[in-house]
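Working notes, beginning with the structure itself.
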Amino acid sequence: MREQLRDRERLEHILAAINRVVRYTTGKTYEDLLADDMMYYAVVKNIEMMGEAANMLTSEFQATHPETPWRMVKGMRNYIVHEYFQIDNTVVWDVVTKELPILHMQIAQYLAETNWDEWEERK
């Protein structure tokens with residue numbers, strides 16, 4: 001039960017990280033990302049944080065929401081952490097421009113639609 005109590009908090013962490021990436025990259029191009037080290041590393045760090053938070057979600061929550069590619073979200077974190085010296089910048093930009101808008105919509109929906117009192121009573 002204790003872990004289920006934290007699912008909402010972890011989802012909020014993911015949503016906050018997405019919102020930061022959106023704030024950093026709005027109106028920017030791929031070339032801007034590559035030219036600005038501070039923005040680049042801020043974006044990469046926030047993607048890493050999303051994966052870590054997703055990894056900490058209960059397996060029950062993840063199984064209840066299979067439409068989100070949890071394995072890919074967590075895998076991106078592992079890729080960034082373990083392959084930091086050879087990250088493919090186009091992959092990072094694709095995540096920012098193509099994947100994060102979908103993930104944002106899903107996480108916001110989970111936060112809004114989950115009956116957290118009921119969810120916390122499950123175990």
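What follows draws every value from the coordinates through simple rules; no lab data is involved. Keep in mind that this is a model prediction, so the values were computed, not measured. We place every Cβ from the backbone using ideal geometry, glycine too, and count neighbours over all the protein chains shown.
What do you get for the angle between helix 70-82 and the principal long axis of the chain? Use alpha-carbon atoms, 0 to 90 degrees, nearest ten.
Value to nearest ten degrees: 40.
Taking each pair of distinct Cα atoms in segment 2-121 once, what is the resulting Kirkwood hydrodynamic radius in Å?
Its Kirkwood hydrodynamic radius stands at 14.8 Å.
Can you give the percent of C-alpha pairs in segment 52-103 whose distance is more than 12 Å?
I get 69 percent for the Cα pairs in segment 52-103 exceeding 12 Å.
Among Arg10, Arg23, which comes first, second and so on when ranked by fewest other beta-carbon atoms within 10 Å?
Arg23, Arg10
At 7 Å along Cα-to-Cβ for each site, give me the label-to-label distance between Met56 and Val91 in nm.
Those two pseudo-labels are separated by 2.4 nm.
Any idea what angle helix 37-56 forms with the longest principal axis of the chain, computed on alpha-carbon atoms, 0 to 90 degrees, nearest 10?
Here the helix axis deviates by roughly 20 degrees.
Using alpha-carbon pairs under 8 Å, 6+ residues apart, how would you state the relative contact order of the chain in percent?
38 percent
May I ask for the longest run of the chain untouched by GluC sites (Glu not before Pro) that are loop-located per DSSP and have at most 11 neighbouring C-beta atoms (other than their own) within 10 Å?
Result, exposed sites excluded: 1-66.
Listing Thr90, Thr25 from the residue with the fewest other Cβ atoms within 10 Å to the one with the most, what is the order?
Taking fewest neighbouring Cβ atoms as first place, the list is Thr90, Thr25.
With runs of 4+ DSSP H residues as the only contributors, calculate the mean residue ellipticity of the chain at 222 nm using -39,500 (n - 2.57) per run, divided by the residue total and rounded to the nearest 500.
-24000 deg cm²/dmol
How tilted is helix 2-25 with respect to the longest principal axis of the chain? Cα atoms for both, answer in degrees (0 to 90, nearest 10).
20 degrees
Quick one: Karplus J couplings for segment 109-118, per residue in order, coefficients 6.51, -1.76, 1.60, θ = phi - 60°, nearest Hz, x for Gly and Pro?
The phi angles translate into 5, 4, 5, 6, 9, 6, 7, 5, 5, 5 Hz.
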